[in-house]
């Protein structure tokens, strides 16, 4: 009972957190038909700033980290990326009224990772003074890329079977390159490299770090507006997408929490690190995933996967997932 | 004599203030034909940042404020909004060569409120360590919305009389909604709500507050450029607009100062609060007012009201109004 | 030998500096085909912020500076601007396969000044605690404008000779006005004026200064991307441009260093000031120069001069020039 009470308190407290407040505020503002808009150039810049901060911090930490310690969580991230997509594809293949490719693309997006959800988790953990390995956010690409690849490969194998004889080769290496070239992963990896190879502590602590929470609040506002705008799209597709989008983040997070706990027992992965792992598993890609999937599975309907992810999956991952995994960590550790 | 000396010293000192310096610098830069431009996306973002700061601070303060204390100033704000528009309409109806609807729209704009002028007043009061109720800037919508509504309603009644039989219903509720949905008021009210309902102190003090003055300096630069560019428009309309634009801000501010002083005597409204009230009365809407009026009184000529407001009204309100009301407060209180 | 060792250590250390790291990171990101982009509005805003900081600081310092002290370095800046362009024109007139006007335009660009290279030098000098006169960055326009004017005048005289009888008057005053109106010089001069005439210390130290290094890191990233993108253009023109672009920055810097040292002996110009003078001589215009030259010498091929400047000249000036001049200063002073 303690756990449920703890979760509910955290859940309610989080509604008082400015991060979630800005998300809900964005939804309200959009719902009330406000003309308030954050320009797209600012949105792109904010995402760059957040990922650069996460990358630089991760890179600086990896410099001093025991890389062996990171090996198991990195391997688990790959495993979780593949597993969650595999489960999603199976689930959608059973559900009625769901187009095969739409289901695969949605499963891919929910297996992939969201930088903004990760940023919220970092802020919440810092606010609650729960320590985590600074390289933990750098697990992001280990989960993101395999998830997107698996979805695109499965979709293309399916298409090939359908249109026998047609020659649509699936080039895995091309999908990896495409993922790494996406603006989100590029910024994160650039930050990692700069953190690892240059003396970037001062620019991190004087610039990227102090602006992190503020920019995150604006990003949440934009995502809230976007979430509301996408609800219409979700209405036009089978309601199974909404059901999946509400449950998958929690299910994926719990699987990752379990595997992360094993890493805790084996190599001492910290409680905060396990929460980070659970949150990135719980998150679904909102920046780089959609264009990658659109290019990789052009026959899938973006309204299905983007609507489900932006207007249901992300709010659930942030508002329910994060307090849930932290409450769980308080019990288990 | 002390008052005049005090005002002149303040007036001259303010020309040394960076805020006014940036405004005049912007005018000069535009006058000299410079290609310097602040991108529009940055302008929108800066306005958002300033209003969010004003809103958050107001919301946090309202949480602890005695709402009864705020009631009289809020009521006075509504009164001033209506009164100044009413006076403006009467003045323009007497002046020769002024189109009826243009006069009504101009009166509406000068009754409505400018977020940037308000921001300058906040900075000047803080610099001079004159305390004010932190909810005072939240009086903004109480004056802004009634002013815009009254102007649009009067204009439409006038149009109806002219074109008897035609059915142009004036829906007051629609004008209110339109005003609240404008980007400036939306940002301010969102900030108020977030300040009131969430624990936003930390994001306010680590992000929105430290960037306030710097962003205001850039906004002043943009407004200076805009003021110069609009002078041409002002030349193409009757010169009475320029005369009104130069006198109305000071007249409106003095009316508000007098009413604010009554609130001081009755409920202890602070000297700084009275200055804020006078400044928002003195200011004229530069962000959300013009589009609202353009939609509400489509037959009015924007060159008349925007030119008068941007290139005369706002510089007068900032450069003359603010030092005048502060000097007055030093005498009276 | 000490000098060479010192330079190499500085050179290698600088590769660990985040500034150069971001420049190289930008090249890599572009070379790897990443979709990461910093929006153009952000780029323009960052350039404005950097120049406003340099200008404000210079203006505040000039207020208290002995203007006579500045006279000789300012005169030398004009001299260097004219000399480097004159040398460049002569060099290109000898080289085979180089179009006359293209050579003149390239010489003009390499005589003109880059705000971003200057900004890097300021950061490096501050990091190494090498003091310099705060008005030294304000030497920028004294070198920039004469260089652009000379190039445009020579190009037009050449064109006139070719097309005898045609009346293309070269109006020097128009070129000066055009240069001053460019966005970079406008921002710098506006900052100087505001620093000189207003109490801008507080907005400088609370806003423009703390954001300087961070924004510079992003500008370096953008310039790295741009440098890579321009390499293709460079390939399409004679390879002499690349040779010139690699050598001219160092040669120009060394000439300026020598002249600056004379100013040191005569009027006590500081070691840091001499380095600043050498760096601005070494730099080549990347923001305001290209459009001015495009307007002034429309027959020249932008691929030649922009490619050489952006993809070779600027990286050389930053990565080789700055450590070289600082190492030299350590020996000489």
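Here are the numbers for this structure:
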read-out: Kirkwood-based Rg to Rh ratio, region A:2-332, C-alpha trace; value: 0.96
read-out: Inter-chain Cβ neighbour average for residues C:181-187, partner chain, 10 Å; value: 5
read-out: Centroid-to-centroid separation of region A:206-232 and region A:29-71 [C-alpha atoms, Å]; value: 10 Å
read-out: Exam field: residue A:232 pseudo-label spacings to other copies (7 Å along Cα-Cβ), nanometres; value: 3.8, 3.8
read-out: Reference-scaled alpha-carbon Rg (2.2 N^0.38 Å with N residues) for region A:11-63; value: 1.56
read-out: Cα centroid of region A:247-270 to Cα centroid of region C:290-305, whole Å; value: 60 Å
read-out: Difference of contour (0.36 nm per residue) and Cα-Cα distance, residue B:199 to residue B:243; value: 11.1 nm
read-out: Over chain C: helical MRE at 222 nm, DSSP H runs n ≥ 4 each giving -39500 (n - 2.57), nearest 500; value: -25000 deg cm²/dmol
read-out: Equivalent ellipsoid dimensions for the protein assembly as shown as semi-axes, Å, which come from the Cα gyration tensor, largest first; value: 45, 45, 28
read-out: Sequence of A:205, C:239 once ranked by neighbouring C-beta atoms within 10 Å, starting from the fewest; value: C:239, A:205
read-out: Cα radius of gyration and Dmax for region C:267-326 (Å); value: 14.2, 44
read-out: Burial ranking of peptide ranges C:277-285, A:29-37, C:47-55 (average Cβ count within 10 Å, highest at the top); value: C:277-285, C:47-55, A:29-37
read-out: Share of pairwise Cα separations in region C:194-303, more than 23 Å, in percent; value: 54 percent
read-out: Peptide ranges A:146-158, C:81-93 listed from the most packed, as the mean C-beta count within 10 angstrom indicates; value: A:146-158, C:81-93
read-out: Taking N as its residue count, the alpha carbon Rg of region A:1-145 over 2.2 N^0.38 Å; value: 1.27
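Here, each number is a calculation from the coordinates, and none is a lab measurement. Please read all numbers here as calculations on a predicted model, not as lab measurements. Backbone-built Cβ (ideal geometry, glycine too); neighbour counts: all protein chains shown.
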